[in-house]
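Asks: Can you keep this structure in mind? I'll have questions shortly.
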Amino acid sequence: MEDPTVAFFIITATAMIYSALSLYITRTLGNRKRVKEIQEEMNRISTGLKKADDSTEARRKEAEKEQAKIPSLMTESMILQFKPLVVILPIFAVISYLVKTFFPYFQIKLGFSIPTFPYNWMLLRFDLDSFPNWRNEFGTFGWFILCLVFSGIFIQLISDAFEKRRKRK
């Protein structure tokens, strides 16, 4: 497929579909409500510990017992947040490989520059000394990532707006 217009629309649509799919997987596999509950409980425990510092010895011991729950709560929270990545990352790898394979010569030049993280592929590390690296020309993978970022933000905002509207009704 050598037509740049077709490549542009297919890469953009693929990024948008992947963004929507990853949001769906994250909301399905990751229990946002439980993560929020865990965060609130950890905040309650830490504020209780701060207040207990000025209190009696018995109150401090009780707060320290509560504080012992924090590692297990953090572990549960991390598992809930990383569980969707087990599904999302392999899908990302496959889709990005397919996009690069089907459109190896795609190039797009924007009318404006965008700050990007400079990545040194030879050393496999980010070069933060020259951040931000302003670019306006992107290949297949760069355009896919750029579309992925902006469509992800857009889809998240729309999803949150619908969720707030549904809660009001």
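The values are calculated or read from the model by the stated rules, or taken from the named source; none is laboratory data. Model, not experiment: these values are computed from the prediction. In this analysis, Cβ positions are derived from the backbone assuming ideal geometry, glycine residues included, and neighbour counts consider all displayed protein chains. Each accessible area value is taken on the protein alone, full model and side chains, heavy atoms only, with ligands, DNA and RNA left out. Shrake-Rupley method; radii C 1.70, N 1.55, O 1.52, S 1.80 Å.
Asks: Given a cut-off of under 8 Å on Cα pairs at least six residues apart, what relative contact order in percent is computed for the chain? Mind showing how you got there, number by number?
Replies: Numbers: 138 pairs, mean separation 52.7, N = 169.
It comes to 31 percent, rounded to a whole number.
Asks: Which order do Y105, Y18, Y24 take when ranked by solvent-accessible area (1.4 Å probe, heavy atoms of all protein chains), largest first?
Replies: Y105, Y24, Y18
Asks: For the chain, with only Lys/Arg (+1) and Asp/Glu (-1) charged at the beta-carbon, what is the dipole magnitude about the Cα centre, in debye rounded to 20?
Replies: About 860 debye.
Asks: If I ignore ligands, DNA and RNA and count only protein heavy atoms, how much of E40 is accessible to a 1.4 Å probe, in Å² to the nearest 10?
Replies: For E40, the solvent-accessible surface is approximately 110 Å².
Asks: Here is a further query. On each of the three principal axes of the Cα atoms of the chain, give max minus min coordinate, whole Å, ordered largest first.
Replies: Dimensions of the chain along the principal axes of its Cα atoms: 74, 47, 29 Å.
Asks: Work out the charge dipole of the chain with +1 on the Cβ of Lys and Arg and -1 on the Cβ of Asp and Glu about the Cα centre, then indicate which of P84, I70, G111 is farthest towards its positive end.
Replies: Comparing the listed Cα positions along the dipole, I70 ranks first.
Asks: Still on this model: What part of the accessible area of region 1-48, given as a whole %, is carbon or sulfur when the probe is 1.4 angstrom?
Replies: C and S fraction of accessible area: 64 percent.
Asks: Then there is this: Which whole DSSP H helices in the chain pass both tests: a Cα extent of 20 Å or more along the axis and a mean Kyte-Doolittle value no lower than 1.0?
Replies: Helices passing the filter in the chain: 4-29, 85-102.
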